[in-house]
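K.L.:
One structure coming up, written as structure tokens, with questions to follow.
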Amino acid sequence: MIVVALVVFYASRSLFQGLLLTLEHHIPRLLGALGASNMGNSCVCRDDSGAEDNVESQSRQTENSRVHVPEARSHPRDPVRPPRRGRGPHEPRRKKQNVDGLVLDTLAVIRTLVDNDQEPPYSMITLHEMAETDEGWLEVVQSLIRVIPLEDPLGPAVITLLLDECPLPTKDALQKLTEILNLSGAAACQDACHPAKHRNTTAVLGCLAEKLAGPASIGLLSPGILEYLLHSLNFQSHPTVMLFALIALEKFAQTSENKMTVSESCISDQLILLEKWTDNPDYLKRQVGFCAQWSLDNLFLKEGRQFTYEKVDLTNIRAMLNSNDVSEYLKISPHGLEARCDASSFESVRCTFCVDSGVWYYEVTVITSGVMQIGWATKDSKFLNHEGYGIGDDEYSCAYDGCRQLIWYNARSKPHSHPCWKEGDTIGFLLDLQEKQMIFYLNGNQLPAEKQVFSSAVSGFFAAASFMSYQQCEFNFGAKPFKYPPSMKFSTFNDYAFLTAEEKIILPRHRRLALLKQVSIRENCCTLCCDEVADTELRPCGHSDLWMECALQLETCPLCRQEIQTRVRQISHIS
């Protein structure tokens, strides 16, 4: 009973947080933190844009250079999207331009958007305005499929960003898009030597499946599109096409009727084959294997197949990623050392082990080379994907960002001297609580020590990371030899941490839900932890269904989102 109680408690707590986060799923989204040391808004003029476009591009650069960017921030940094600047009531509609050029300009400049107060790039504003009509929306979607290059690690994320920024498509627009694409199993085999088109098509379908819900999502998954996605999982397809086809099918399966339709297609038979790629030395194939295994465990179940958590060997693992305080949008491997985000939100995770003194070191293997913020966070750090907080976005955490070549602390960034990370790179993280410093390494090459976080925190540190869409990495907390151990003496989490056999289990989603249904929650319990008695009233909103310890961790009411000014303990609730 004690074992079951522990598992049920962890499951209920995690899932309740997931339900709260789901309510906020459409508030913030994908991007924000994509920046480099150069903060300019310059457009990249391309040969096929025409002389007129070049002249207009130069004039836009001059105009943008005069834009004043305030130094003070009036809102929290949102690493998932730049602010939307709509057309003013007396501002004329911008001239329609070459859509392909605007998409490529957005891709080129998007890395510079690291601050909520920055003006969105001209190209993004123009694309958004164009998409206000069905015709314009269709042009933008077709351009995304046509021009986003395969080799750019931010390509799929920019597709997600632009589609998410655009207005919801009408039923007629979706029908017209289906006719234009004319997808089928045969179409999946065409232009196999040009995988960018198919990767972008599957990425667009996945974004639309996530953006839409209910009947609209069901209507979009036509027999032709389903056949196209299933055929894209064949070994004849490029691995990146296979990856985004599978992610699209996962997102379609968020609607129960679509999930049943996809499951009836015998997709699990193909996923069984792809699952063998989970440890492939080719990092692209490894992503396919990871997602295939996750889908088999959580979505497209195969009768007679043993769940991965039931057979994985966790004997030597004593520290892992904490699956009990993350949202449902982050995928964590059954051995608890690999994480991936395919959602349009900025997801965070931390280690199960906390340190207060000494010198500690861990390593991360980069599986994808896009935006991740990885480093150290304390107990007081804000892991709020729905409010845009990641590692390095408050005064209690500091993060290394190898895509944008930045160090993050307190939602401010500064450039570092390392080159951009790439797949297979090893990032080292050393925490010296004696000297009060953090040192980051890229393949053994260290940066100068970072010390600013110690002005706010001196103990209670966790290894932690935040992920942009389609990003993945693997952690090594000492269960296996390090590739680039530092020269100084250090300790590892795995040497000092301890987890019971039950605490190591990362249950599939449906089994967590089954356990949750068995939980009997008291009527007067705290709605955040579902454990202690609710004894606190939040003011001025007046909501009173929280335990004081939980209420102290919040800045806004989880029910009405109003700012909390005071917390009042209700004496009658104290036993």
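The values are calculated or read from the model by the stated rules, or taken from the named source; none is laboratory data. As the structure is a computational prediction, the values presented were derived from the model and not from experiment. Glycine gets a Cβ as well: all are built from the backbone with ideal geometry, and neighbour counts include every protein chain shown. Please note that ligands, DNA and RNA were not included when accessible areas were found on the heavy atoms of the full protein model with its side chains. Shrake-Rupley method; radii C 1.70, N 1.55, O 1.52, S 1.80 Å.
K.L.:
Scan the stretch 215-234 and give yes if some residue there is over 24 Å from Gln175 (Cβ atoms) and open to solvent by 10 Å² or more (accessible area, probe 1.4 Å), otherwise no.
P.N.:
Step one: of the stretch 215-234, the residues over 24 Å from Gln175 (Cβ atoms) are 233-234.
Narrowing the set further to residues that are open to solvent by 10 Å² or more (accessible area, probe 1.4 Å) leaves 234.
Yes, the conditions are met somewhere in the stretch 215-234.
K.L.:
Can you list the helices (runs of 4 or more DSSP H) lying wholly within the stretch 486-557 that have 1 or more residues being within 30 Å of Ile427 (Cα to Cα)?
P.N.:
493-496
K.L.:
Looking only at the stretch 334-347, decide whether some residue is hydroxyl-bearing (Ser, Thr, Tyr) and surrounded by fewer than 24 Cβ atoms within 10 Å (Cβ to Cβ).
P.N.:
No, the stretch 334-347 has no match at all.
K.L.:
Six or more apart or on different chains, Cβ atoms under 6 Å: show the pairs whose first residue is in the stretch 250-262 and assigned by the TED database to the domain that holds Gly214 and more than 18 Å from Leu233 (Cβ to Cβ) and whose second is open to solvent by less than 10 Å² (accessible area, probe 1.4 Å) and not hydrophobic (A, V, I, L, M, F, W, C).
P.N.:
Cβ pairs passing all conditions: Thr255/Ser217.
K.L.:
Among residues belonging to the stretch 512-543 that are out of contact with any helix residue (DSSP H, G or I) (no Cβ under 8 Å at 6 or more places or on another chain) and crowded, with 18+ Cβ neighbours inside 10 Å, point out the one that is nearest to Glu328 (Cα to Cα).
P.N.:
The extreme case among them is His543.
K.L.:
Return the residues of the stretch 121-139 that are assigned to a loop (DSSP other than H, G, I, E, B) and of a type outside the set (Val, Ile, Thr); say none if nothing qualifies.
P.N.:
Pro121, Ala131, Glu132 - these are the residues of the stretch 121-139 that are assigned to a loop (DSSP other than H, G, I, E, B) and of a type outside the set (Val, Ile, Thr).
K.L.:
Among (1) within 18 Å of the chain's Cα centre (by Cα); (2) farther than 19 Å from Ile506 by Cβ; (3) among the β-branched types (Val, Ile, Thr), which single condition is Thr378 missing?
P.N.:
It is condition (1) that Thr378 fails.
K.L.:
Can I ask one more? Got a sec? Which of Cys398, Cys403, Cys420 is free of Cβ contacts under 8 Å to residues at least 60 places away in the same chain and in a loop (DSSP other than H, G, I, E, B)?
P.N.:
Cys420
K.L.:
Would you check if there is a residue in the stretch 172-186 being farther than 16 Å from Phe244 by Cα, without any contact (Cβ under 8 Å) to a residue 40 or more places away in the chain, open to solvent by 20 Å² or more (accessible area, probe 1.4 Å) and not in a helix (DSSP H, G or I)?
P.N.:
The answer is no; no qualifying residue exists.
K.L.:
Considering only residues of the stretch 153-171 that are of a type outside the set (D, E, K, R) and open to solvent by 30 Å² or more (accessible area, probe 1.4 Å), which is nearest to Lys197 (Cα to Cα)? First the steps, then the outcome.
P.N.:
Going residue by residue through the stretch 153-171, those that are of a type outside the set (D, E, K, R) are 153-163, 166-170.
Retained after the next criterion (residues that are open to solvent by 30 Å² or more (accessible area, probe 1.4 Å)): 153, 167-168, 170.
Details: Pro153: 15, Pro167: 23, Leu168: 23, Thr170: 24 Å.
So the residue we want is Pro153.
K.L.:
Something else now. From the list Leu284, Leu296, exactly one residue is hydrophobic (A, V, I, L, M, F, W, C), touching a Pro at 6+ places or on another chain (Cβ under 7 Å), over 22 Å from Ala377 (Cβ atoms) and in the same structural domain as Gln254 (by the TED database). Which is it? Even if it seems obvious, please write down each step before you answer.
P.N.:
Values: Leu296 fails: touching a Pro at 6+ places or on another chain (Cβ under 7 Å).
Result of the check over Leu284, Leu296: Leu284.
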